[in-house]
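S.K.: Take this structure, written in structure tokens, and hold onto it; I'll ask about it next.
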Amino acid sequence: MLLEKTFVDTITYRPGVVILYPGKADMLYRVSNGLVRVHTMDDDGNGLTLRYVKPGEYFGEEALAGLNRQYFAEAVTDSTVDVMNPALMGAEENLEVTTHLVKTLERAYASIYRLVGKRLRARIASELLELKDTALATRQQNGELLIYATHDELAAAVGSVRETVTKVVGELSRDGVISAGYGKITLKDEKALRQIAAE
């Protein structure tokens, strides 16, 4: 458990607020509740989601090595974030962050593999399964999961464009795997979605 002395502040952000911009990094951040999206932009201004940060996870890790930040961090939902001073961290805190970094690296490897080795259909299925364990998902009375995500947001996460993502989402809807509405997607058959993600 992180010690009180490590914390500089705890801040709550509204959805859409940019928490971090590219540039100098001096603090480490841990999500207490909510969901934070780490993303960047290419030369054409297209967004690319690098990862989502869930409660208990960290971002801003480059502050540990004195490196400049190359990305944006944005609150996706109402999010509470602990701001931490790396200079005040002890051995237990450093071990916790190191363990987090190893898990983050594993997820990054899996994400790279999906981008270069999987078809778009599988990438979208994987992304929906990733989002089902976040603050964007709500379990409905019938047991189905409703995920609040737009086609633009899915496109940024899977390395594609909205028009192509919309086409694939339509195919998955016709197959009965999901149902899609404006800014939301319902997972109708999670087993089938997992099979598609593994293709």
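S.K.: Please list, ordered by residue number, the strands (runs of 3 or more DSSP E) wholly in the stretch 1-111 having 2 or more residues that are aromatic (Phe, Trp, Tyr).
M.R.: Answer list for the stretch 1-111: 7-13.
S.K.: Look at the stretch 83-133 and say how many of its residues are polar (S, T, N, Q) and under 25 Å from Tyr13 (Cα atoms).
M.R.: 2
S.K.: Where residues in the stretch 48-85 are closer than 12 Å to Gly23 by Cα and loosely packed, with under 15 Cβ neighbours inside 10 Å, which of them is nearest to the chain's Cα centre (by Cα)?
M.R.: Gln70
S.K.: Here is a check on your reading of the model: is Ala25 loosely packed, with under 11 Cβ neighbours inside 10 Å, farther than 26 Å from Val158 by Cβ and not β-branched (Val, Ile, Thr)?
M.R.: It is false that Ala25 is loosely packed, with under 11 Cβ neighbours inside 10 Å, farther than 26 Å from Val158 by Cβ and not β-branched (Val, Ile, Thr).
S.K.: Could you tell me which of the residues Asp133, Asp152 is in contact with a strand residue (DSSP E or B) (Cβ under 9 Å, 6 or more places away or on another chain), modelled with pLDDT under 95, surrounded by fewer than 16 Cβ atoms within 10 Å (Cβ to Cβ) and not polar (S, T, N, Q)?
M.R.: When all the criteria are applied, what remains is Asp152.
S.K.: Consider only pairs whose beta carbons are under 8 Å apart and that are at least six residues apart or on different chains; among these, list those whose first residue lies in the stretch 92-105 and is closer than 15 Å to Ala65 by Cα and whose second residue is outside any helix (DSSP H, G or I) and modelled with pLDDT under 90.
M.R.: Here the result reads Val97/Met89, each pair linking the stretch 92-105 to a residue that is outside any helix (DSSP H, G or I) and modelled with pLDDT under 90.
Each row is one residue, and each column tells you yes or no for (1) touching a Pro at 6+ places or on another chain (Cβ under 8 Å); (2) farther than 12 Å from Val81 by Cβ; (3) of a type outside the set (A, V, I, L, M, F, W, C); (4) modelled with pLDDT under 90.
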| site | (1), (2), (3), (4) |
| --- | --- |
| Leu28 | yes, no, no, no |
| Asn33 | yes, no, yes, no |
| Leu48 | no, yes, no, yes |
| Val53 | no, no, no, no |
| Gly60 | no, no, yes, no |
| Leu67 | no, yes, no, no |
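S.K.: Could you check the stretch 122-197 for helices (runs of 4 or more DSSP H) lying wholly inside it with 1 or more residues that are more than 23 Å from Arg107 (Cα to Cα) and β-branched (Val, Ile, Thr)?
M.R.: The qualifying helices (runs of 4 or more DSSP H) are 162-174.
The values are calculated or read from the model by the stated rules, or taken from the named source; none is laboratory data. Just so it is clear, the model here is predicted, and its values are computed rather than measured. Quick reminder, even Gly has a Cβ in these numbers, built from the backbone with ideal geometry, and neighbours come from all protein chains shown.
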